[in-house]
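The values are calculated or read from the model by the stated rules, or taken from the named source; none is laboratory data. Predicted model, so just to flag it, every value in this text is computed and none were measured. Positions of Cβ are backbone-derived with ideal geometry, glycine not excepted, and every protein chain shown enters the neighbour counts.
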Amino acid sequence: MQDKKKLVVCGIEFVYLYLFGIIVAFIGWVAENFAKLVTTGIIDSRFHLLPFISPYALIPLAFHLLLKDPDDIEVFGKKIFKEKNKLMSNIVSFIAICALVFLGELVVGNLWEIISGVELWNYSNMPCSVTQYAGLIPTLGYGGGAYLIFKFIYVPFLKFIREKVNFNVAKLITSTLGVIIVLDTLFMMFQIIEFNVAPVYWTIKF
């Protein structure tokens, strides 16, 4: 009876995808601060109270639904290539991930500016920028990083946490920390809309 209560997405329990997402959200926070440190000599809160950037938490779910396996990609459970082709599958995976990064930044950045009038980031000073919200360098940087996670970490790590983390423990983490992360994001959104400025809770300059 208990198995019927588990929310399963294309064969994987949702709590494990969400738990993986929380970990990726933290890695995303670290990665963004590393990039900011290298380019500006500064690290900051990245608009959040907690060291998690919630959109990154969607990456494992997107991998699972849209790509599944870098060596034999599937879209919503349907294989792209009738015969397994590792090289083409990985090329398509890389291109698809970079395209999602590019479109994601473009949509989120412009949407927030339209809603709140606040510019969350600006790539205009970078070479090959398309708009202030999207450009070749960040697309290849974040897209390449996401591809490497997908290629070398996603499948074995998802298998690891499913085997090593008890379902009820994963459920507890996602229903507590996961909810707090969502509330943190909603609080950030409220501040942007209400005060027309992205919150920066702390900054450290090196």
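Being surrounded by 17 or more Cβ atoms within 10 Å (Cβ to Cβ), within 18 Å of ILE161 (Cα to Cα), over 13 Å from the mean Cα position of the chain (by Cα) and modelled with pLDDT of 90 or more, is that true of even one residue in the range 21-40? No, there is no match, as no residue in the range 21-40 is surrounded by 17 or more Cβ atoms within 10 Å (Cβ to Cβ), within 18 Å of ILE161 (Cα to Cα), over 13 Å from the mean Cα position of the chain (by Cα) and modelled with pLDDT of 90 or more.
Of the residues making up the range 122-166, just one is within 20 Å of the chain's Cα centre (by Cα), in a loop (DSSP other than H, G, I, E, B) and loosely packed, with under 15 Cβ neighbours inside 10 Å, namely ASN122. Only one of the listed residues (GLY117, GLY141) is touching a residue at least 24 places away in the same chain (Cβ under 8 Å) and within 16 Å of TYR56 (Cβ to Cβ). That residue is GLY141. Residues in the range 98-107 that are loosely packed, with under 15 Cβ neighbours inside 10 Å and either of a type outside the set (Val, Ile, Thr) or in contact (Cβ under 8 Å) with a residue 40 or more places away in the chain (or both): ALA99, LEU103. Of all the residues that make up the range 53-75, how many are assigned to a loop (DSSP other than H, G, I, E, B) and either in contact with a Lys or Arg (Cβ under 6 Å, 6 or more places away or on another chain) or at pLDDT 90 or above (or both)? Residues that pass the stated criteria total 5.
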